[in-house]
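*Asks:* To start, I am sharing the structure in question, which I have written as structure tokens.
The values are calculated or read from the model by the stated rules, or taken from the named source; none is laboratory data. Because the structure is predicted, anything quoted here is derived from the model rather than measured. Positions of Cβ are backbone-derived with ideal geometry, glycine not excepted, and every protein chain shown enters the neighbour counts.
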């Protein structure tokens, strides 16, 4: 049986780039299937960009892909706190090797800096398969089935009691402690974090993600023993790892023992060792994390000069 695969990738575009691509990415559960996302500036007669084009490609077999492409103008985002990114929804049926997308997802000026995120759900097999019905579709069709409430401060999330007990053994214990109780009270997480986790578990696409929001979602899942989303959320962190968020990612990777993210840290550190090792935030990391970063970087094959290593550091594996 074909299973839905979800993924998310962010590309950075500015006036000096000819475009950016995710490269081919594996579709978990379908060994031969891969997908890629690319964004390129479309130039006018003066060789100045006038818009961004975005395309998705699938190789290895037929598939149906749905999701959103979110274009964020980084210049405007810095100035306007209520800035709303441009979101384009899509649904494409792919045959092996086909590429579909949009010639113009957003207009740009000659000087620009955009981050473009593709949130994608892939159904292997394309039109030969039947897309599964999502939990949120059932709930939206039958609002009366929401017989429980998650209360976060003054706000509430309506949900199905049976779904919540299936989702988390902690939720099950809270609800079963008193058969008359239909409320789960959360007082140690923000409403937005809880809502994003519940939406994700219901099958809704969760967009506008940041490393901070994803880490909070993981923390919530870990506390309430909600296991299924954790691997996907950690995969998002690895996919969206950038030099700009290196220290935040590294601190998380070692404090939570996330091996794939640790390996990614090593590769990024290997490539940007001069810049990162001299950054003030590097000295703010726990010494054991610093030592682990050097080891992970060395494991990628680069030989580090001793001036980067403290005399007391242990460089043995």
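*Asks:* Sort out which residues of region 116-133 are at pLDDT 75 or above and more than 13 Å from the chain's Cα centre (by Cα), and write them in order of number.
*Replies:* 122, 123, 124, 125, 133
*Asks:* If I ask for residues that are free of Cβ contacts under 8 Å to residues at least 40 places away in the same chain and under 16 Å from residue 8 (Cα atoms), which ones from region 47-98 would you list?
*Replies:* Scanning region 47-98 gives 88, 89, 90, 91.
*Asks:* Something else: Identify the residue in region 160-174 that is under 13 Å from residue 198 (Cβ atoms) and assigned to a helix (DSSP H, G or I) and, among all such residues, is nearest to the chain's Cα centre (by Cα).
*Replies:* 167
*Asks:* If you don't mind, there's one more thing I want to ask. Filter region 94-108 down to the residues that are crowded, with 18+ Cβ neighbours inside 10 Å and closer than 20 Å to residue 5 by Cβ and list them by number.
*Replies:* 94, 101
*Asks:* Could you tell me which of the residues 79, 91, 111 is exposed (fewer than 14 other Cβ atoms within 10 Å of the Cβ) and closer than 18 Å to residue 17 by Cβ?
*Replies:* 111
*Asks:* Of the residues that make up region 221-234, is at least one touching a strand residue (DSSP E or B) at 6+ places or on another chain (Cβ under 7 Å) and modelled with pLDDT under 90?
*Replies:* yes
*Asks:* Test residue 209 against the stated conditions and say whether it is under 20 Å from the mean Cα position of the chain (by Cα), outside the structural domain of residue 248 (by TED's automatic domain parsing), in a helix (DSSP H, G or I) and modelled with pLDDT under 95.
*Replies:* no
*Asks:* Looking at this structure, is residue 142 surrounded by fewer than 15 Cβ atoms within 10 Å (Cβ to Cβ), over 25 Å from residue 215 (Cβ atoms) and either at pLDDT 95 or above or in contact with a strand residue (DSSP E or B) (Cβ under 7 Å, 6 or more places away or on another chain) (or both)?
*Replies:* no
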